[in-house]
Amino acid sequence: MNRAEEAAAFFRSEPGFRRLFVEMKRKYESLGRVGGVVSLASFSENERETIAAFFGRDVFRVSLPAFERQLERTRFAGVGLIELLEHYFGEPLVPKKERRQAVEKERERFFGHLAHEHPWLEGICSQRFIQAAYEANREELAAAIRLAGAALRRLPLGSYERLPLFAQHIAGDPHAFDLSTLPGKVLLSALQATVPGEWDVTSVESVNELLQSVGLLREDILNFATCANLLAETKKGPHPVFTAAVEANSALNAPLRDVLSLIRAYPANGGIVYVVENAGVFSTLLDTHAPLVCTNGQMNLATMRLLDLLASSGAKLHYSGDFDPEGLKMADRFLERYGSVAVLWRYSVDDYFAANPSVHLPPERLAKLTSVASTPLQPVKEAMAKTEKAGYQEAIIGRLLGDIKS
């Protein structure tokens with residue numbers, strides 16, 4: 001046993017030194033040198049007596065340099081404090097700064113190696129969920145990145161494929177790219193970074209549209225467009241279901257699967273399609289035999305694809321929604337997407353007050369109005385901000401019916 005090992009064994013045999021050594025170790029790792037002071041105020045009487053015996057006097061604070069000097073006066077002369085602490089704890093003492101540098105160097109090595117294989121990683125590796133995954137399980141993260149890389153090498157697809165089937169082909173697991181999984185999140189972020197366009201991965205509609213842009217369908221049955229009195233065509237000719245629904249004046253929930261097969265859609269009569277936010281309003285207007293689309297709140301991918309076809313056919317899209325911040329934001333996005341073919345329907349200040357706004361809007365909802373940018377919506381936006389109340393589409397159903405019948 002060398003002198004440092006002997007010293008460590010001696011101090012380990014005296015339990016009263018344990019707490020002091022823990023604090024001295026922490027102090028060195030914090031400062032990166034033998035310095036600083038450990039207060040004994042919270043130490044037990046037995047611990048203070050043990051330390052006092054070492055110094056030959058009562059002490060209330062122990063500086064690390066003083067402990068090292070006192071050590072030189074014992075039979076362990078020549079053993080430095082750092083050497084003693086390393087033998088005492090059985091591990092090297094590494095200052096926090098050096099430890100942080102080593103951690104960051106390893107992080108850079110990890111991501112640098114993977115980015116060499118998958119260059120797209122550089123654009124997303126700083127995202128919070130990826131850094132959290134690195135801290136939790138870097139091997140699992142590496143596997144997720146490589147799996148997403150394998151998927152990206154196959155994209156975009158030449159024809160549409162459902163996401164579970166694509167995942168089965170790539171990973172042998174139909175749930176591998178579910179958006180709740182780490183590979184699914186990595187793949188989505190990689191697509192957001194590499195596919196041209198503005199993609200909001202917090203929006204279900206934007207996510208679905210992003211996946212669809214590379215040929216992946218997340219859901220093509222439960223994602224549907226609610227419509228009535230519209231005619232449509234596929235490459236084979238008129239779509240019989242749309243035709244039958246017009247003949248029966250029936251509402252039609254057209255799944256994305258069917259909407260994607262269409263090459264054309266247009267109103268069964270006239271040149272206007274009335275687009276409403278709420279299903280109750282849609283059902284009431286159905287009795288007029290007018291061409292209708294219901295967004296059921298936020299537009300999903302099937303609804304957007306159907307409206308895109310209607311817009312390209314030359315139809316005018318008259319949009320009516322609720323008089324609340326969320327409704328105005330939807331109307332704002334509608335105008336932005338469909339431009340000159342979009343017409344605000346009953347969104348004047350007079351219509352707002354006719355809706356008898358009575359539901360109080362808290363500040364967090366009113367704050368959403370700041371992002372409503374379309375010029376035609378500014379008057380009603382200002383009126384809503386002033387009254388701090390919301391009104392709803394159902395309250396002006398008479399006006400909507402009157403417009404269609406006139």
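The values are calculated or read from the model by the stated rules, or taken from the named source; none is laboratory data. Here the structure is a predicted model, which is why all the values come from computation and not from measurement. Neighbour counts run over all protein chains shown; Cβ positions are idealised from the backbone, glycine included. Only protein heavy atoms, including side chains, enter the accessible area calculation; ligands, DNA and RNA are left aside. Shrake-Rupley method; radii C 1.70, N 1.55, O 1.52, S 1.80 Å.
With a 1.4 Å probe and every protein chain left in place, work out the accessible area per residue of the range 150-208 in Å², rounded to a whole number.
52 Å²
If Rh is defined by the Kirkwood formula over all Cα pairs and Rg also comes from Cα, what ratio Rg/Rh do you get for the range 162-212?
Reported Rg/Rh (Cα atoms, Kirkwood Rh): 0.97.
Of the cross-linked pairs K316/K386; K185/K329; K235/K405; K25/K97, which ones have a Cα-Cα span greater than 24 Å in the structure shown?
Violating the 24 Å limit, Cα to Cα: K316/K386; K185/K329; K235/K405.
For the chain, what is the mean residue ellipticity at 222 nm derived from helices alone (per DSSP H run of n ≥ 4: -39500 (n - 2.57); sum divided by total residues; nearest 500 deg cm²/dmol)?
-15000 deg cm²/dmol
Rounded to two decimals, what is Rg over Rh for the chain when you use alpha-carbon atoms and the Kirkwood radius?
Reported Rg/Rh, Kirkwood definition of Rh: 1.27.
Along the principal axes of its C-alpha atoms, what lengths does the range 1-95 span, in descending order and rounded to whole Å?
Extents along the principal axes: 31, 28, 20 Å.
Can you tell me what share of the DSSP beta bridges in the chain is antiparallel? A percent to the nearest 5 is fine.
Around 60 percent antiparallel, to the nearest 5.
In sequence order, what are the phi-derived ³J(HN,Hα) couplings for the range 3-11 according to the Karplus relation 6.51 cos²θ - 1.76 cosθ + 1.60 with θ = phi - 60°, rounded to whole Hz, with x for glycine and proline?
Listing the rounded values in order: 5, 5, 5, 5, 5, 4, 5, 4, 5 Hz.
Could you compute the net charge surrounding A279? Neighbours are other residues with a C-beta less than 13 Å from the C-beta of A279; K and R count +1, D and E count -1. Don't jump to the answer; show the numbers that get you there.
Details: positive: none; negative: E277, D322, E394.
After counting each charged neighbour, the total is -3.
Ignoring the sites themselves, what is the longest stretch of the chain with no trypsin sites (Lys or Arg not before Pro) in a DSSP loop and at most 11 other beta-carbon atoms within 10 Å?
237-406
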